[in-house]
Amino acid sequence: MSESVPGIAPEVFAPHEAPASPPQASEEVEFVQLLTPEGERVEHPDYSFDLDDEAVKGFYRDMTLVRRIDTEATALQRQGELGIWASLLGQEAAQIGSGRALNSKDMVFPTYREHGVAWCQGVNPLNLLGLFRGVDQGAWDPRENNFHLYTIVIGAQTLHATGYAMGQQRDHVIGDPDNGEATIAYFGDGASSQGDVNEAFIYASVFNAPIVFFCQNNQWAISEPIDRQTRIPLYQRAAGFGFPGVRVDGNDVLATYAVTQQAMKRAREGSGPTLVEAYTYRMGAHTTSDDPTKYRLNEDLEHWKLKDPIERVRAYLTRSAGVGPEYFDEIEAEADQVAAELRRGCLSLPDPTLTDFFDHAYVDQTPQLAEQKQQFAAYAASFSDSEGEG
Ligand SMILES: Cc1ncc(C[n+]2csc(CCOP(=O)(O)OP(=O)(O)O)c2C)c(N)n1
Ligand SMILES: [Mg+2]
């Protein structure tokens, strides 16, 4: 291929060379920030946080409890009580800030890591554990908490969400920025490379659907770094699809709240989609089946620890809002209680009757599934004869 194609940089033709790296953890990244890692409030020309310190205390509580739930779930997996767990460690601010910016009518389409958003929507964390324990296929009713079932197929939920948002538009439930309704679709940096996500962007754009695409750029798609997904900041892609994109400090709960709130208002009033890129970091493994020490440097992790989303809120509350240590102790005690309850609940989840799974795939049983159910029942029964042997 010639290197002199007009308008195309020669480096495009060096496919095996590593592309220019995106900013490393130690470099400055342009984003909306309202609370620094040191816990200082800062101004931004386009976004402001307009809630009081009581609300900030609430965010601190949310993030601490959700982190504790996450730690307990990881421990339960290690003890053989869950099949797998996808930790949200490090992403608490992105999830609590965006989750708390939703109103009671907005609809959420999560991936498999949005335990913090589930918390904000009032989903019982035990329901999340049921899925990861393999005793059900997601036992919560999406309509009850406006929180769709977890989606493992990367990016697929962005299409489901766009379809839902187009339904909201056709039901004429938009037009009011505060009391109307809109949809938010969560996805990851890796998912941004999926066809589904790009198709969702196009549909949402040309139909002006009331949706916020909330990308948690945690820098990793299992072991693939962000520089294998994009050469430009992800939020800039929105321009090519014809709607605004904004990058927010994903470890700053005040900023993620403010940015999501504005984007949701825009969607609810009928002004169309927004892409929010929450710039954050996956502090843990991809899932409990993964070992990140095989592919990333410990010093990166150490660097991101200094940007911890919970610590900065604690620093702010202590230094600038006069919150004493008793408050933090209370939250710790509550977190321990929540974790103990979750553990008790998990251990007492009833084992499923496996043949029931065939009944839950569709609303109405199909002849094929009925046959498969029978075959499975016969197969399972073949083991009971040999019970107690060898
Ligand atoms: C369509 C599809 N392809 C591949 C996978 C396997 N897979 C599971 S998680 C994952 C990486 C996703 O990364 P990202 O979108 O950044 O989300 P994160 O896990 O970092 O939250 C992949 C490739 C899958 N579940 N679905
Ligand atoms: Mg990722």
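For the pair ASP227 and ALA340 in one chain, pulling the backbone fully straight at 0.36 nm per residue adds 36.7 nm over the alpha carbon distance. Taking amide H as placed 1.01 Å from N in the peptide plane, the amide H of THR183 sits under 5 Å from that of MET107, ILE211, VAL212, each at least 5 places away or on another chain. Based on DSSP H segments of at least four residues, each scored -39500 (n - 2.57), the chain has a per-residue ellipticity at 222 nm of -13000 deg cm²/dmol.
The smallest convex shape that holds all Cα atoms of the chain, its convex hull, gives 196 Å³ per residue.
Computed from Cα atoms alone, the Kirkwood hydrodynamic radius reported for region 275-390 is 20.7 Å. Derived scalar couplings between HN and Hα for region 130-145 equal x, 5, 6, 7, x, 8, 8, 10, x, 9, 9, 8, x, 6, 5, 10 Hz in order, rounded to whole Hz, by the Karplus curve 6.51 cos²θ - 1.76 cosθ + 1.60 (θ = phi - 60°), x for Gly and Pro. Counting only trypsin sites (Lys or Arg not before Pro) that sit in a DSSP loop (anything but H, G, I, E, B) with at most 14 other Cβ atoms within 10 Å, what is the longest stretch of the chain containing none of them? The answer is 106-230. In sequence order, region 32-45 has phi-based couplings of 7, 9, 10, 9, 6, x, 8, x, 9, 6, 10, 8, 9, x Hz under the Karplus curve 6.51 cos²θ - 1.76 cosθ + 1.60, θ = phi - 60°, and Gly or Pro positions carry x. Simple spin-label estimate for LEU354 and ASP171 gives 3.9 nm between the two label positions (7 Å along the Cα-to-Cβ direction from each Cα).
Are any of the pairs LYS105/LYS307; LYS57/LYS265; LYS57/LYS305; LYS57/LYS105 more than 26 Å apart by Cα-Cα distance, and if so, which? Don't skip to the answer; put the middle values down first.
Values: LYS105/LYS307 33 Å; LYS57/LYS265 24 Å; LYS57/LYS305 21 Å; LYS57/LYS105 24 Å.
Where the Cα-Cα span goes over 26 Å, the pairs concerned are LYS105/LYS307.
Please give the per residue volume of the convex hull enclosing the alpha carbon atoms of region 48-116, rounded to a whole number of Å³. Spelled out: Cα convex hull of region 48-116, divided by residues, is 103 Å³. If R0 is taken as 25 Å, the Cβ-Cβ distance between ASP53 and LEU306 corresponds to a FRET efficiency of 0.55. Where Rh denotes the Kirkwood radius from the mean inverse Cα pair distance, what is Rg over Rh for region 115-231? Expressed as Rg/Rh, it is 0.99.
For region 40-88, the list of GluC sites (Glu not before Pro) that fall in a loop by DSSP and count at most 12 other C-beta atoms within 10 angstrom reads GLU43.
Each residue of region 310-327 was assigned a 3J(HN,Hα) from its phi angle through the Karplus expression (A = 6.51, B = -1.76, C = 1.60, θ = phi - 60°), giving 7, 4, 5, 6, 4, 4, 4, 4, 6, 7, 10, 10, x, 7, x, x, 4, 4 Hz with x at Gly and Pro. Straight-line cross-link reach from LYS294 at under 18 Å between alpha-carbon atoms covers these aspartates and glutamates, not counting any fewer than eight positions away in the same chain: GLU224, ASP227, GLU302.
Read the figures in this text as sums done on the coordinates, not as results from a lab. These numbers come from a predicted model, not from an experiment. When we count neighbours, we look across all protein chains shown, and the Cβ atoms used for this are built from the backbone with ideal geometry, even at glycine.
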